[in-house]
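> The structure under discussion is supplied below as structure tokens; questions concerning it will follow.
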Amino acid sequence: MDIQSITLFMVLVAAFGSAIWNINVKKSDNGLVFVTLMVIPQFLVSLPLMFLNPMPSLINLYYILASAFVQTGYIVFLSTAYKHGLVSRVYPLAVGTATLLSLFFWHFFLATPLSFYKEFGVLLLSFGIICFAFIGKRNNEHLSVKGMVYAFACSCFIFSYSLIDTFGIHTATKPLTYISWLFFIKALILFIPMLCLHPISMRTMAVESNNYFFAGLLAGFGYGVAIWAFNHAATPIVLALRSTSIIFVLLLSLFHLKEQVSPIIVVLTIATTLGAFFILGFS
């Protein structure tokens, strides 16, 4: 196996990990508080790594700060989007559109198109993921226009911080330097304002500690792998494979939360899986 194949396999493993922490968020009473608490383990892990690796360069710090602020904006917008539409609809629309934006930018602005089969795979996978946002459910579970606007805004955030981190990791002397400093600064930027806006009691932190600590580690591992992957694979491919976490969430919801699955969901799952095969089969 070459380094790119190993990288893409690790991205898929990380996508499964993302599905697990998404299930934990779904089961929590307050998703925004839960996501805020998830940065605590990321902060604790990144702190010693910062001292074990060299200082980032000035240009690295620019990318790190830009990415940290954009990711904070993404989390705030996503939590607001959840108030206007279902979690299961807003998130697929956001991640699927972000992948398409990345593919468009990669093809036309950077003038480095992927192979035909890879681009077809990314398109098939992305449209399959987006369709999850519009499949019919009960009438009271509709995606509002405002929810769609927020979802598209979230997709711009995902596209932006992914692009920033793609350029940022390429300027880093050591990937762990960039990743550890990013998680450290992001934790500070996100946790302190959120704590002021949504005060969290020590009891809540203690009761939820096992859940958010594990979820935070999985989320940190997942995006850490993605940043590392930006060094070895095209950003649209990494984003496309990361979005397969939605398929894993679906499967976990089916077996763990005992949710029902309609035939159209099965068709969309097959379509997105085929898209992943086109990407991986021609790497």
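> Among the numbered criteria (1) surrounded by fewer than 23 Cβ atoms within 10 Å (Cβ to Cβ); (2) aliphatic (A, V, I, L, M); (3) over 30 Å from residue 51 (Cα atoms); (4) modelled with pLDDT of 95 or more, which one does residue 130 miss?
With respect to (1) surrounded by fewer than 23 Cβ atoms within 10 Å (Cβ to Cβ); (2) aliphatic (A, V, I, L, M); (3) over 30 Å from residue 51 (Cα atoms); (4) modelled with pLDDT of 95 or more, residue 130 is out only on (4).
> Counting just the residues of the stretch 33-69 that are hydroxyl-bearing (Ser, Thr, Tyr) and under 24 Å from the mean Cα position of the chain (by Cα), which one comes out modelled with the lowest pLDDT?
Within the stretch 33-69, the match that is modelled with the lowest pLDDT is 36.
> A further question on this structure: Is it true that residue 113 is at pLDDT 85 or above, over 17 Å from residue 8 (Cβ atoms) and touching a His at 6+ places or on another chain (Cβ under 9 Å)?
Numbers: at pLDDT 85 or above: yes; over 17 Å from residue 8 (Cβ atoms): yes; touching a His at 6+ places or on another chain (Cβ under 9 Å): yes.
For residue 113, the condition - at pLDDT 85 or above, over 17 Å from residue 8 (Cβ atoms) and touching a His at 6+ places or on another chain (Cβ under 9 Å) - is met.
> Considering only the stretch 192-214, how many residues are within 18 Å of the chain's Cα centre (by Cα) and either at pLDDT below 85 or within 22 Å of residue 181 (Cβ to Cβ) (or both)?
Of the residues in the stretch 192-214, 2 are within 18 Å of the chain's Cα centre (by Cα) and either at pLDDT below 85 or within 22 Å of residue 181 (Cβ to Cβ) (or both).
> Given the conditions (1) in contact with a Cys (Cβ under 8 Å, 6 or more places away or on another chain); (2) β-branched (Val, Ile, Thr); (3) modelled with pLDDT of 85 or more, report the number of the one that residue 90 does not fulfil.
With (1) in contact with a Cys (Cβ under 8 Å, 6 or more places away or on another chain); (2) β-branched (Val, Ile, Thr); (3) modelled with pLDDT of 85 or more applied to residue 90, the lone miss is (3).
The values are calculated or read from the model by the stated rules, or taken from the named source; none is laboratory data. Only a predicted model underlies this, so the values are computations on that prediction, with no experimental measurement involved. Reconstructed Cβ throughout: ideal geometry from the backbone, glycine too, with neighbour counts over all protein chains shown.
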